[in-house]
Amino acid sequence: MKEPVIHKQGRETATLYAGFGQYEEVNAPVCAGAKGLYERKSYYMHRNWKYVTCKKCLAKRKVIK
């Protein structure tokens, strides 16, 4: 089985519809931001850089620091 790509959890959040009239705040990944969440994509995310495997997030790490 292929290992999932783990993204870095960013500061940006999005309010998504969870169902039954409920909404929830979801953290967005650094590389895609809230726009990726609104497109109904799902991401595996982590707060620690040492677990991140997404090449796009790792490329933005230098810019964020």
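FYI, it's all coordinate maths here, none of it is from the lab. The shown structure was predicted, so the numbers you read here are calculated from the model rather than taken from an experiment. Positions of Cβ are generated from backbone atoms using ideal geometry, with glycine treated the same way; all protein chains shown enter the neighbour counts.
Annotations for the structure displayed:
- Remark on the chain: ratio of C-alpha radius of gyration to 2.2 N^0.38 Å is 1.17.
- Net charge contributed by nearby residues that have their C-beta within less than 14 Å of residue 14 (K/R +1, D/E -1): 0
- All lysines inside 23 Å of residue 60 as judged from Cα atoms, apart from same-chain residues fewer than 8 positions distant: 8, 35, 41, 50
- Computed [θ] at 222 nm, helices only, for the chain once each DSSP H run of length n ≥ 4 contributes -39500 (n - 2.57): -6500 deg cm²/dmol
- The chain - percent relative contact order, Cα under 8 Å, separation 6 or more: 39 percent
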